[in-house]
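The values are calculated or read from the model by the stated rules, or taken from the named source; none is laboratory data. Nothing here was measured: the structure is a model prediction, and the numbers come from that model. So basically every Cβ, Gly included, is an ideal-geometry build from the backbone, and we count neighbours across all protein chains shown. Side chains are part of the model used for accessible areas, which takes the heavy atoms of the whole protein and leaves out ligands, DNA and RNA. Shrake-Rupley method; radii C 1.70, N 1.55, O 1.52, S 1.80 Å.
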Amino acid sequence: MHEGKSWVAVYVGVPKHCSGDVAGQATVRGDVLELTKDDDGNDCGLTIHRSATGATIAESNCVLGHGASCSFDTQGKSLRRVK
């Protein structure tokens, strides 16, 4: 984190179905990261809620990043960090 900002990258993929990614500078407010524009300047909104055990993602207007048949939204399911 630097000056209240953190770079985030999110990837989604379903074999033989869809894939996508988005990356950009997110604003950090405690355990919440908010991305409003991706690195390409697209209006993709991600709200990432971090916890000690994982994270959840809510998205808005990110179809350009993943297509119509995928989503970055975890719908309340917690993600674990991939190393």
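Brief remarks follow.
- Across the range 1-59, the qualifying residues are those that are polar (S, T, N, Q) and free of Cβ contacts under 8 Å to residues at least 24 places away in the same chain, and the one among them that is nearest to Lys77 (Cα to Cα) is Thr56.
- Scanning the range 41-49 for residues that are of a type in the set (Asp, Glu) and closer than 10 Å to Val10 by Cβ turns up nothing.
- Reported count of residues in the range 20-47, each being open to solvent by 40 Å² or more (accessible area, probe 1.4 Å) and touching a His at 6+ places or on another chain (Cβ under 7 Å), is 1.
- When the range 42-75 is limited to residues that are modelled with pLDDT of 85 or more, polar (S, T, N, Q) and within 21 Å of Arg29 (Cα to Cα), the one that is farthest from the chain's Cα centre (by Cα) turns out to be Ser51.
- Selection status of Asp21, at pLDDT below 90 and in contact with a Gly (Cβ under 9 Å, 6 or more places away or on another chain): no
- Count of residues meeting criterion [under 18 Å from Ala58 (Cα atoms) and surrounded by 13 or more Cβ atoms within 10 Å (Cβ to Cβ)] in the range 1-18: 6
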